[in-house]
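Structure first, then comments.
The values are calculated or read from the model by the stated rules, or taken from the named source; none is laboratory data. Values in this document were obtained by computation on a predicted structure and should not be read as measured data. Cβ coordinates were reconstructed from backbone atoms using ideal geometry, including for glycine residues, and neighbour counts include every protein chain displayed.
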Amino acid sequence: MRHDLPEADDFTRPYWDAAAQGRLLLRRCGDCGRAHHYPREFCPHCWAGEDRVAWETASGRATLYTWSVIHRNDLPPFGTRVPYAAAVVDLAEGPRMMTEVVDCEAAGLRIGMPLTVTFREAADGVWVAVFRPAQGQSSSRTQEPPAERR
Ligand SMILES: [Zn+2]
């Protein structure tokens, strides 16, 4: 039994199909203009109906909001994966997302650090979005423009 895999249904199918192609999808509302994640049929901000909410590809940029380094998890398959950094990130488009930070030592994690999305194959053909530090990293999937300096 696995506890980390999504249940894909007809509604979320586009999300998982895009993830398998290395793209993170969001839902954006045509009425209030706000994006949300995880995908819901109705806008959770203004309750506009599903005919007003559409899929869009996220930039993949995010900042680290908070995290917790997990040292023990008895639920398969996490036991073989500890320690890992369970995290909440703020996507550039606004939504807050529960995920995991990879390719970073726990001691290197900082609130607000820039992250970029990457995908991990959690099972045959099922890819989940995780994040890794954006600075000094080059994505193997996409060529990114130079990071903005502020
Ligand atoms: Zn809305």
How about segment 1-39: which of its residues are more than 14 Å from the ligand (Cβ to nearest atom) and not in a loop (DSSP other than H, G, I, E, B)?
13, 14, 15, 16, 17, 18, 19, 20, 25
Go through the residues of segment 73-93 one by one and say whether even a single one is touching a Gly at 6+ places or on another chain (Cβ under 8 Å), more than 26 Å from residue 44 (Cβ to Cβ) and free of Cβ contacts under 8 Å to residues at least 60 places away in the same chain.
yes
Enumeration of residues in segment 1-33 that are touching a helix residue (DSSP H, G or I) at 6+ places or on another chain (Cβ under 6 Å), under 18 Å from residue 120 (Cβ atoms) and modelled with pLDDT of 95 or more
25
Among the residues of segment 40-75, the number that are away from the ligand (no atom under 14 Å from the Cβ) and either outside any loop (DSSP other than H, G, I, E, B) or not aliphatic (A, V, I, L, M) (or both) is 18
Single residue of segment 117-150 satisfying the filter (loosely packed, with under 12 Cβ neighbours inside 10 Å, farther than 16 Å from residue 99 by Cβ and in contact with a strand residue (DSSP E or B) (Cβ under 9 Å, 6 or more places away or on another chain)) that is modelled with the highest pLDDT
135
Unique residue being modelled with pLDDT of 95 or more, within 16 Å of residue 134 (Cα to Cα) and surrounded by 16 or more Cβ atoms within 10 Å (Cβ to Cβ) when the list is 48, 58
58
